[in-house]
1. Looking at Val352, Val313, Val336, can you tell me which residue is in contact with a helix residue (DSSP H, G or I) (Cβ under 8 Å, 6 or more places away or on another chain) and within 11 Å of the ligand (Cβ to nearest atom)?
2. Do we have any residue at all in the range 51-65 that's more than 19 Å from Glu447 (Cα to Cα), open to solvent by 10 Å² or more (accessible area, probe 1.4 Å) and in contact with a strand residue (DSSP E or B) (Cβ under 6 Å, 6 or more places away or on another chain)?
3. Taking Arg361 as meeting all but one of (1) within 16 Å of the ligand (Cβ to nearest atom); (2) surrounded by fewer than 20 Cβ atoms within 10 Å (Cβ to Cβ); (3) basic (Lys, Arg); (4) under 27 Å from the mean Cα position of the chain (by Cα), write down the number of the exception.
4. Is one or more of the residues making up the range 382-390 within 30 Å of Arg361 (Cα to Cα), under 14 Å from the mean Cα position of the chain (by Cα) and not in a loop (DSSP other than H, G, I, E, B)?
5. Restrict the check to the range 176-194 and report whether at least one residue is more than 13 Å from the ligand (Cβ to nearest atom) and among the polar types (S, T, N, Q).
6. Any idea which of (1) within 19 Å of Asn223 (Cβ to Cβ); (2) assigned to a loop (DSSP other than H, G, I, E, B); (3) within 16 Å of the ligand (Cβ to nearest atom) is the one Gly48 doesn't satisfy?
7. So, Asp451, is that one touching a residue at least 60 places away in the same chain (Cβ under 8 Å), in contact with a helix residue (DSSP H, G or I) (Cβ under 8 Å, 6 or more places away or on another chain) and surrounded by fewer than 17 Cβ atoms within 10 Å (Cβ to Cβ) or not?
8. Do we have any residue at all in the range 203-212 that's within 14 Å of the ligand (Cβ to nearest atom), surrounded by 21 or more Cβ atoms within 10 Å (Cβ to Cβ) and within 30 Å of Ala488 (Cβ to Cβ)?
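The values are calculated or read from the model by the stated rules, or taken from the named source; none is laboratory data. This one's a predicted model, so the numbers in the text were calculated from it and none came from an experiment. Cβ coordinates were reconstructed from backbone atoms using ideal geometry, including for glycine residues, and neighbour counts include every protein chain displayed. When the accessible area is computed, the model is the full protein with side chains, heavy atoms only, and any ligands, DNA or RNA have been set aside. Shrake-Rupley method; radii C 1.70, N 1.55, O 1.52, S 1.80 Å.
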Amino acid sequence: MTLGTSGAAQEFDALIIGAGFSGLYQLLSLRDKLGLKVRVLEAAEGIGGTWYWNRYPGARCDSESHSYSYYFSKELLQEWHWTERYPEQPEILRYLNHVADRFDLRRDIELNTRVRSARYDDATNRWTVSTETHDTFRCTYLITAVGCLSSANVPKIDGLNDFEGDWYHTGQWPHQGVDFTGKRVGVVGTGSTGIQAIPVIAAQAKQLTVFQRTANYSIPARNAPLTDEFKRYAKAHANDIELIMKSNTNAHPFYIKDRSVFDVTDHEREQILESAWQKGGLAFRAEFRDTLLDAKANHLVADFIRRKIRAIVKDPVTAELLADIDHPFAAKRPPVDSHYFETYNLPHVQLVNIRTQPIERITPSGIKTTEKDYALDIIVFATGFDAMTGSLLKMDIEGDRGLKLSEAWQAGPRNYLGLQVPGFPNMFTVTGPGSPSVLCNMPPAIEHHVDWITDCIAHLRQHGVRRIEAEEQAADDWVLAVNAAASATLLPSATHSWYLGANVPGKPRVFMPYAGGFANYRKIVEERTRAGYQGFSLRR
Ligand code: N01
């Protein structure tokens, strides 16, 4: 449905860009709680954001399903039934569609509408938003809900256009799926996505070649159908689970244990890690408080995983390639997997180390490294995203006095609390850079931001405030705080991580998410809000 009438701008109180987890809840909040006239602009043909696009084989959330849910509606929590420990992409998409129907959101969402530009005009205190479909919208409040991992990073490798087979990026997967039966498949990339996809592709393909640039840790997911007992438990304890998620470091439904790697004997440590490995999932990293803080502590945990890899993978050369990991455990987002390392025991799966034999080019018939030609029918790029800033910078956003977001962020995403950018009045970034976002289970992080933005807009309207904007000094101080929080951990030592923007050539190397912990971050935001929106300039 096209709601636009070409030529005439459509007027709204608020525009939301993106109809994923963030955009849906933001629409509901502004429309139904505050009674604003709101529209969501979504580039895709359907709602779902990340979960609309990421349909690659094996796509599944690494957060456990009972925590990967909205908690704002207790009725919704009680009525929705997840089926597995980790929700699969189609199930999450069904959930988000259910939410859209249940709260009657669709009538205010415009699909197939990619935002091209947004300009702020001080005289009218309005944003003008133009789309690629030549519609124009105007609004007072502009909320970007574009997701942190939505701008696909397809590596620029010579010859890709000449490839005579098919190639795909995991984040832009065809809706009809891809049939790998009888095909020679190459996968480039061994991050969370590649590690999820590789075993599933291997189960179908005639031959699978994995091109690994950086070896990665991975913890078994141990996915399984949820038992009725667990389903009842999660529903009965929804309030407690929510409290745990809001009061810990990563917004997951578990706390990081308050013990050091060195508080226990070698034997005890081995037993603790073995038990966590058997339980599986992201909670593995929560066994010790210093895993991500102390290099020696991390080394002991990492060594456990390396030994596991060597024990699982039968070919010693392949095992060594997989275990030769150059960064501390969890300094890059730790993947969880279903039989990833076991996949390398299959006779039709091979691993190529593109550190020692880099890809030279793509040829019409496959991938050519400095050592060899690999004949392929299909190439899958599991090469990640231009994370956190990519989708924002793709739009031509211009704030006060002609300041472009691309200029303001030339040296990295300067912002305040991950919520606002100086020079961009009344613009809010849901889980923007500078917030804990991607270091968290996302739904609680999203709900926190949406609730804050909603309360903030209510406050502005109640008090006759025309515009709110992050102060320059507050943003500078926050950038320092974000750097300091990262530097207190081992996170920056993974120098090639997307947290630092290092996966995209030419992108400024700045640690983007706030690593000081979700609970701590919430406290900071709350204190500053209570202190009269400290660090924000409010003008009547
Ligand atoms: O991307 P990544 P991802 N030539 O950037 C390699 C979330 N997620 O899509 O490390 C060759 O982590 C790159 O190598 P290197 C999660 O937050 C969530 O896997 O740069 N290789 C790396 O191996 C995750 O962290 C879930 O040396 C190239 C891989 O490609 C985030 O998404 C599931 C290359 C990219 O890894 C991103 O994960 C999946 C090149 N030119 C993902 N460029 C859920 O739980 C890159 N690589 C929901």
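1. Exactly one of Val352, Val313, Val336 is in contact with a helix residue (DSSP H, G or I) (Cβ under 8 Å, 6 or more places away or on another chain) and within 11 Å of the ligand (Cβ to nearest atom), namely Val336.
2. For the range 51-65, residues more than 19 Å from Glu447 (Cα to Cα), open to solvent by 10 Å² or more (accessible area, probe 1.4 Å) and in contact with a strand residue (DSSP E or B) (Cβ under 6 Å, 6 or more places away or on another chain): present.
3. Going through the list (1) within 16 Å of the ligand (Cβ to nearest atom); (2) surrounded by fewer than 20 Cβ atoms within 10 Å (Cβ to Cβ); (3) basic (Lys, Arg); (4) under 27 Å from the mean Cα position of the chain (by Cα), Arg361 breaks only (4).
4. For the range 382-390, residues within 30 Å of Arg361 (Cα to Cα), under 14 Å from the mean Cα position of the chain (by Cα) and not in a loop (DSSP other than H, G, I, E, B): present.
5. Yes, some residue in the range 176-194 is more than 13 Å from the ligand (Cβ to nearest atom) and among the polar types (S, T, N, Q).
6. Status for Gly48: all satisfied but (1).
7. Values: touching a residue at least 60 places away in the same chain (Cβ under 8 Å): yes; in contact with a helix residue (DSSP H, G or I) (Cβ under 8 Å, 6 or more places away or on another chain): yes; surrounded by fewer than 17 Cβ atoms within 10 Å (Cβ to Cβ): yes.
Spelling it out, Asp451 is indeed touching a residue at least 60 places away in the same chain (Cβ under 8 Å), in contact with a helix residue (DSSP H, G or I) (Cβ under 8 Å, 6 or more places away or on another chain) and surrounded by fewer than 17 Cβ atoms within 10 Å (Cβ to Cβ).
8. Checked against the condition, which is being within 14 Å of the ligand (Cβ to nearest atom), surrounded by 21 or more Cβ atoms within 10 Å (Cβ to Cβ) and within 30 Å of Ala488 (Cβ to Cβ), the range 203-212 yields no hits at all.
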